[in-house]
Amino acid sequence: MWVRRRLSPSPPLAEISEATAVTPALVEGMARLIPQLSRSAPPPDAAMLEVIVASPATVLLVAADDDGRVVGSLTLVLFRIPSGMRAWIEDGVVDEAASGQGIGEALNREALRRAGAAGARSVDLTSRPDREAANRLYQRIGFKKRDTNVYRHET
């Protein structure tokens, strides 16, 4: 089951929904989308998607076309720390075949709306420089590049 919310009065090219249950369409869609995002990360199987969907810290947003095929997704991560509510957007991806139809923007705007409703004052994300279209989108919808160091520790 997906909770549905229309984002605009005009007919959307894809409907943005929160995945609240794991369906075969979700598993198939993520199996197709995640390799387009990362060459090293395996796509999540149904069991992993169950964990993501059930977590109170994550909101898995999906974009589905008129046939119910998942053509985009992103994960909004919400967590409280001593300095306030934090929000991150992770693993945003739109199927290459559906690129340029406003799906990425619709997914991000819904994530921003939900983060604001949860009390987050800001939303962070990272994007590789070679994802040029994604980086242009983030800047167009109001994200600002931060002067920061991002560190990673492999465990």
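With respect to (1) open to solvent by less than 20 Å² (accessible area, probe 1.4 Å); (2) touching a residue at least 40 places away in the same chain (Cβ under 8 Å), the lone exception for residue 78 is condition (1). Every condition in (1) open to solvent by 50 Å² or more (accessible area, probe 1.4 Å); (2) assigned to a helix (DSSP H, G or I) is met by residue 114 except one, and the failing one is (1). Only one entry in 70, 51 is surrounded by 10 or more Cβ atoms within 10 Å (Cβ to Cβ) and closer than 16 Å to residue 15 by Cα, namely 70. Among the residues making up segment 81-102, those that are hydrophobic (A, V, I, L, M, F, W, C), buried (at least 19 other Cβ atoms within 10 Å of the Cβ) and out of contact with any Asp or Glu (no Cβ under 9 Å at 6 or more places or on another chain) are 93, 94.
Contact map, segment 106-135: first residue modelled with pLDDT under 95, second residue aromatic (Phe, Trp, Tyr) and buried (at least 16 other Cβ atoms within 10 Å of the Cβ), Cβ cut-off under 8 Å, separation 6 or more or different chains; pairs are 127/138.
Among the residues of segment 124-146, which ones are under 23 Å from residue 39 (Cα atoms) and in a helix (DSSP H, G or I)? Matches in segment 124-146: 132, 133, 134, 135, 136, 137, 138.
The values are calculated or read from the model by the stated rules, or taken from the named source; none is laboratory data. All values derive from a computational prediction rather than experimental measurement. Because the Cβ atoms are built from the backbone with ideal geometry, glycine has one as well, and the counts that use them run over all protein chains shown. For the accessible areas, the whole protein counts, side chains as well, though only heavy atoms, and no ligand, DNA or RNA atoms are used. Shrake-Rupley method; radii C 1.70, N 1.55, O 1.52, S 1.80 Å.
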